[in-house]
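Structure first, then comments.
The values are calculated or read from the model by the stated rules, or taken from the named source; none is laboratory data. Everything numeric here is computed off the predicted structure, so don't read it as measured data. Here the Cβ positions follow ideal geometry from the backbone for every residue, glycine too, while neighbour counts run over all protein chains shown. Each accessible area value is taken on the protein alone, full model and side chains, heavy atoms only, with ligands, DNA and RNA left out. Shrake-Rupley method; radii C 1.70, N 1.55, O 1.52, S 1.80 Å.
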Amino acid sequence: MTSSAAGPARPTLAWTELRTPAVEAFGQLALIGLALAVVGRQDPAGWAARTTAVLVLAAGVAAAVLLATAGRVSDNRRAVRMAGAVGVHAAVVLLPTAAGAGPATGAWSVATSVALLGVVGFLALAVRASADRRGDRISATLVAAVVAVAAAATAALARQAPELVPPGWVVLAADLVVWSGTASAAGLMVLAGAVADRALLRGTGLAFATLALANAVRIGTGGPVVPALELAAMTMLLVVAVRFGRAGVATAAGCRARLVEAENALAGSRTATADRDQELRELVAALSGATRELAGDGRLPAAAAAGFDRLRDLVDAGSGPLRAPLGPVLHDIAEVHRANGLDVRVEVDGDPD
């Protein structure tokens, strides 16, 4: 059995492999069109707009919970980082909007932009492939801690000194940094998902690209975020999370079944080996007694021949290796590592896969 693990590979991308990403992109465009048709240009303070904001928040929270849960169950650290990005956006942007708060201005706008840097950080970590589980966890914790401290400090300054109004270009620059970073990370996710054929990466990247587009419209026009674009993005994230959750549950169930099968096969092999060992001990004891009793009358060769033949058969039968279907289990482990962005290959002698 041999296995190899290396850093991110540089695979070639055939045009036929772009078919699924293209279908997903067209599906997202159709979803945006449907949201625009349903939501339309509503009054941001109207009842329908508030209802839309609540639906968007509910979809975002559900997507974050599903991604985090399925990511933990399937040991997919990328999904957990994506859940963090969705959760930060839901807490910083969607929750105040659903509660009826107006758009942040002045120093509060800068504090919001600083907090939203967590979205960029988590998306960058989701794209990044790391074989070091401990280092990956430290990186995620460091990003969350730095962003949380910076956002808390900025919010405290805005609260304690409301008379300090930052220049307009500072507010605009912070806004542009956040959403241009989000758009860049989303584009990298779509590209990585197309190359590695990962629907989770592609779908999440498309959703955050839609959010970046919505905020680009807001920055360019000076008006509110287009609710339809937010609704389409969060719906896309919810669809991606549900698909990933269902696949994760099915994969976990299949892995468990294959592991149980391998454990049963090994247990059976160990039982058979124990039975052979017991029979060997009994046979050796019997031959030892026969040797002492028959040595004196010359009947030892004929009497012990059958016993020695049986002893040889048992030794030959017990000399082979224990066999169990471990190939599928090792392939499952490799698939987990590939989902986290690593190029892992497993080759098992005699495995048909």
(message) Using each residue's phi in the stretch 57-70, evaluate 6.51 cos²θ - 1.76 cosθ + 1.60 at θ = phi - 60° and report the 3J(HN,Hα) Karplus result to the nearest Hz, with x for Gly and Pro.
(response) 4, 4, 5, x, 5, 4, 5, 4, 5, 5, 4, 5, 5, 5
(request) Compute, for GLU163, the solvent-accessible surface of its heavy atoms (probe 1.4 Å) with the complete set of protein chains present, and express it in square angstrom to the nearest 10. (result) 130 Å²
(message) With a 1.4 Å probe and all protein chains kept in place, how much accessible area does ILE219 have, in Å² rounded to the nearest 10?
(response) 50 Å²
(request) Provide the gained length on full extension for the span ARG246 to GLU282, in nm with one decimal, where the gain is 0.36 nm per separating residue minus the Cα-Cα distance. (result) 7.6 nm
(message) Ordering ASP75, ASP132 by accessible area with a probe of 1.4 Å, largest first, what comes out?
(response) ASP132, ASP75
(request) Mind jotting down the distance between the C-alpha centroids of the stretch 68-84 and the stretch 181-200, whole Å? (result) 16 Å
(request) Evaluate the relative contact order of the stretch 51-99 (contact order divided by residue number), counting alpha-carbon pairs under 8 angstrom at least 6 apart; express in whole percent. (result) 45 percent
(message) How large is the accessible surface of ARG128 in square angstrom, using a 1.4 angstrom probe and rounding to the nearest 10?
(response) 100 Å²
(request) Find how much the distance from ALA144 to SER180 grows on full extension, using 0.36 nm per residue of separation minus their present alpha carbon separation; answer in nm with one decimal. (result) 11.0 nm
(message) Please compute one quarter of the surface area of the Cα convex hull for the stretch 99-241 and express it in square nanometres.
(response) 9.6 nm²
(message) Taking θ = phi - 60°, what integer Hz values does the Karplus form 6.51 cos²θ - 1.76 cosθ + 1.60 yield along the stretch 96-106, in sequence order, with x for Gly and Pro?
(response) x, 5, 5, 7, x, 6, x, x, 5, 10, x
(request) Return the carbon/sulfur percentage of the accessible area of the stretch 117-211, one whole number, probe 1.4 Å, all protein chains in place. (result) 71 percent
(request) Work through the residues other than LEU66 whose Cβ is under 12 Å from its Cβ and net out their charges, Lys, Arg +1 and Asp, Glu -1. (result) +3
(request) Arrange the residues TRP108, TRP169 by how much accessible surface each exposes, largest first, with a 1.4 angstrom probe. (result) TRP169, TRP108
(message) Given an 8 Å cut-off on Cα distances and at least 6 residues of separation, report the relative contact order of the stretch 193-251 as a percent.
(response) 36 percent
